[in-house]
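The values are calculated or read from the model by the stated rules, or taken from the named source; none is laboratory data. From a predicted model like this one, the values you see are computed outputs, not experimental measurements. Neighbour counts are summed over all protein chains in view; Cβ atoms, including those assigned to glycine, are modelled from backbone coordinates with ideal geometry.
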Amino acid sequence: MNVNATEFLAEGYALPMPEQERMVEAVLFASRAPMSPREIAERLPRGCDVPEAIAGLRRRYEGRGVQLVAVGGAWAFRTAADLGFLMSREVVETRKLSRAAIETLAIVAYHQPVTRAEIEEIRGVSVSGGTLDQLIELGWVKMGQRRQTPGRPATFVVTRGFLDHFGLGSEKDLPGLAELRAAGLVDNDGGAGPLFGAEEAADDFADEACALE
């Protein structure tokens, strides 16, 4: 049963947890991007227990067609992974990333925080400003903290948008060497290339990255 939140607050009572869950649910559904607990709390009345409300919502949506998922320390409602095929479109507009952009994105994802010089050292060739600009424009890479070394070079890291696009809860969910090897994307000897060594790994990354809505 819904309650009148205004009346509860006026009387100085804490809102019942079901009402707090409703508020969190409404805020997340209205948001175009994943929201952190702090961002959610800023929208809710003072005294609400956001972590508990999120936990309650996650339990409520378990097994449903829409689920509450973690995205890089933030939260968002997403279609259940096993129902993703229902959301596919017959016509998809594609914007292929260049080979340099794919390799650079892979290096940032697996070696962040990483400087431009370190990216160039791993790739073995220079990185143009346009490559990083494109990844930043897509919202997949952003500037990190500057290194406390001579010249204080800027570092680059992947964004929450990158994790959201590839369905990753955090950077820890990136496939590891064993997974890439099992999928045939890395030679048994490790090879040499942008992720762990094989160019095929960047090709696999590109398969998902090339279809941008």
Test: residue in segment 118-141 that is in the same structural domain as Ile54 (by TED's automatic domain parsing) and in a strand (DSSP E or B): no
Residue pairs meeting the criteria (Cβ under 6 Å; at least 6 apart or on separate chains; first closer than 22 Å to Leu132 by Cα, in segment 80-98; second modelled with pLDDT under 80 and surrounded by 10 or more Cβ atoms within 10 Å (Cβ to Cβ)): Thr94/Cys210; Thr94/Ala211; Arg95/Leu212; Lys96/Cys210; Leu97/Ala209
Residue list for segment 99-146, restricted to those being without any contact (Cβ under 8 Å) to a residue 12 or more places away in the chain, closer than 16 Å to Thr159 by Cβ and touching a strand residue (DSSP E or B) at 6+ places or on another chain (Cβ under 9 Å): Ile136
Of the criteria (1) in contact (Cβ under 8 Å) with a residue 60 or more places away in the chain; (2) part of a loop (DSSP other than H, G, I, E, B), which one Ala76 fails: (2)
